[in-house]
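The values are calculated or read from the model by the stated rules, or taken from the named source; none is laboratory data. This one's a predicted model, so the numbers in the text were calculated from it and none came from an experiment. Cβ atoms come from the backbone with ideal geometry, glycine included; neighbour counts cover every protein chain shown. To get the accessible areas, we keep the full protein, side chains included, count just its heavy atoms, and leave off ligands, DNA and RNA. Shrake-Rupley method; radii C 1.70, N 1.55, O 1.52, S 1.80 Å.
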Amino acid sequence: MTLPLNSPQLDLDGHHVHRFSHGLYIDGTWRPSSDGRLIDVVDPSSGAVIAAVPDATLEDAAAAVEAAAAAARGWRETAPRKRSEILRRCFELMVERSETLAMLISLENGKALRDARGEVAYAAEFFRWNAEEAVRISGEFGTAPSGTNRIVVDYEPIGICVLITPWNFPAAMATRKIAPALAAGCTVILKPASETPLTAYALAALYSDAGVPAGVINVLTTTNPGPLTSAMLADPRVRKLSFTGSTGVGRTLLGEAARHVISCSMELGGNAPFVVFDDADLDAALDGAMIAKMRNAGEACTAANRLYVQSGIHDAFAEGLSRRMAALTVGAGTKADTECGPMITKKAVDKIDRLVKDAVRRGAKVLCGGSTLDREGFFYPPTVLSAVPPDADMAHEEIFGPVAPITRFETEAEAIMLANDTEYGLAAYIYTRDVGRSMRVASAIEAGMIGLNRGLMSDPAAPFGGVKQSGLGREGGQHHGIAEFMEAKYIAVTF
């Protein structure tokens, strides 16, 4: 893998990285920040500083916009087949470098290596999928109802895109935005989370190796995201903002974008219900719950946050889930046998601990886990709670950790009411062997994505996104994802 200039090779196999500085990736070159400041990158398994990256300034942000603008016409006019071939090469290189990328993700994010490998495979698929979509962008042709003219609709790249991604999936959240933007003919500026910047820079080097022209993709890391984002959105050449993160930050960004009438895609918070009916296959429901809850140790917006189990199967489900959760191996993400890695920061651990203590204080029972671990790093044990009351804070806030709160319900109507009792609407899970019930409940639950008898729903070929306070727009899908980065132009034609 090509690394930035003046940066020694990462010794990932030995799980050790010397302190080093990546450059900002602007206009195809690596450069320090304009004031020379750095951001420390911490290994959440130990709390130790493992690297440093530049802390971009307003001047650096302006340079990134300038680079994206200079490259815009050339990339827009690049033949769709050529763009497709470059995207396909990005996919191939990600597959070739998958083990190194997975180890890097585990190191800076903390997630178990098996989850990191899954993320790299998922992230790469966005390039393969959008390589195929790039050559299938079509328009429309029809006759006006009056018969006086023809209606021609052309789809054009929207323009320069600012992409902001979170720390929990540092590869996949970037490629899910970059791939369709490039397929559509846009140039981009990526601002990855400062907690996990190394993956973004490793991928920037990969894009260059794949033949992405200078300026088409630019990468900035910063500890001052608000002013930098505001400055970029204020530039009239920037026409798109795509953000994945918390609903609170999303609301702020929507307000900022509204000032400049900029198109927005928002993938925001989640509070996913996991509903298990009496007629469900118990083992399948437990398998699904372990995936939906413990993928990335629960640090996922689609994570099962509220588990509602019907009375007839409740006790068996609670016992089975507790047994499985208690058996998970907790450790550093880079260790081969780890099944639950650390949380991203101590602040994250403190939040989880607060939510668990609040639930217990309100009457919840701890079936396994339930207290912080006395060890270095930012760990919280896999935890199962039963009898979690609806007024518990964790029933309304994202837990973002390895805690499964179970609540008993009696009727289908009650399950739907509980599932919808949230401002969020990203994902939901339903387990039942009754086909009629499955479709009835799926239709009634207010969520953008439903997993029926499965604990994993993400797929590059399917539209990803939510309703209510969980966001606007969709990523991925047969045409949904690429459409977010295009504008329709109507041409009235008289022959």
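Against the conditions (1) under 21 Å from the mean Cα position of the chain (by Cα); (2) of a type outside the set (Gly, Ala, Ser); (3) part of a loop (DSSP other than H, G, I, E, B), where does Asp391 fall short? Just the number, please. Answer for Asp391: the failing condition is (1). Given the residues Gly312, Gly333, Gly363, which is the only one that is open to solvent by 10 Å² or more (accessible area, probe 1.4 Å) and assigned to a loop (DSSP other than H, G, I, E, B)? Testing whether each residue is open to solvent by 10 Å² or more (accessible area, probe 1.4 Å) and assigned to a loop (DSSP other than H, G, I, E, B) leaves just Gly363. Cβ separations smaller than 7 Å between residues 6+ apart or across chains give no pair from region 283-300 residues that are in a helix (DSSP H, G or I) to residues that are at pLDDT below 95 and open to solvent by less than 30 Å² (accessible area, probe 1.4 Å). Taking the numbered list (1) more than 24 Å from Asp40 (Cα to Cα); (2) within 19 Å of the chain's Cα centre (by Cα); (3) basic (Lys, Arg) in turn, Arg88 passes all entries but (2).
Of the set (1) within 20 Å of Ala392 (Cα to Cα); (2) assigned to a helix (DSSP H, G or I), all apply to Gly269 but (2). Count of region 419-451 residues, restricted to those that are more than 25 Å from Arg474 (Cβ to Cβ) and either in contact with a Pro (Cβ under 7 Å, 6 or more places away or on another chain) or without any contact (Cβ under 8 Å) to a residue 12 or more places away in the chain (or both), is 2. Restricting attention to region 463-482, the residues that are surrounded by 15 or more Cβ atoms within 10 Å (Cβ to Cβ) and at pLDDT 95 or above add up to 13. For region 21-59, filtering for residues that are of a type in the set (Phe, Trp, Tyr) and more than 25 Å from the chain's Cα centre (by Cα) leaves 1. Per the conditions (1) of a type outside the set (Lys, Arg); (2) loosely packed, with under 14 Cβ neighbours inside 10 Å; (3) within 18 Å of Ala303 (Cβ to Cβ), the sole criterion not satisfied by Gly425 is (2). Looking only at residues in region 413-432 that are among the β-branched types (Val, Ile, Thr) and outside any strand (DSSP E or B), which one is nearest to the chain's Cα centre (by Cα)? Selected residue: Thr422. Pairs are defined by a Cβ separation below 6 Å, a sequence spacing of at least 6 or placement on different chains, a first member in region 139-157 that is more than 29 Å from Ala183 (Cα to Cα), and a second member that is at pLDDT 95 or above and among the small types (Gly, Ala, Ser); the pairs so defined are Asn149/Ala492.
Within region 81-92, residues that are within 19 Å of Ser138 (Cβ to Cβ) reach partners that are open to solvent by 60 Å² or more (accessible area, probe 1.4 Å) with beta carbons closer than 8 Å, at six or more positions or on different chains, in the pairs Ser84/Glu132; Leu87/Arg128.
Taking into account only those residues within region 474-495 that are part of a loop (DSSP other than H, G, I, E, B) and more than 14 Å from the chain's Cα centre (by Cα), which is nearest to Val153 (Cα to Cα)? Here the answer is Thr494.
Just name the residue that is least open to solvent (accessible area, probe 1.4 Å) out of those in region 246-266 that are more than 30 Å from Glu414 (Cα to Cα) and part of a loop (DSSP other than H, G, I, E, B). Here the residue is Ile262.
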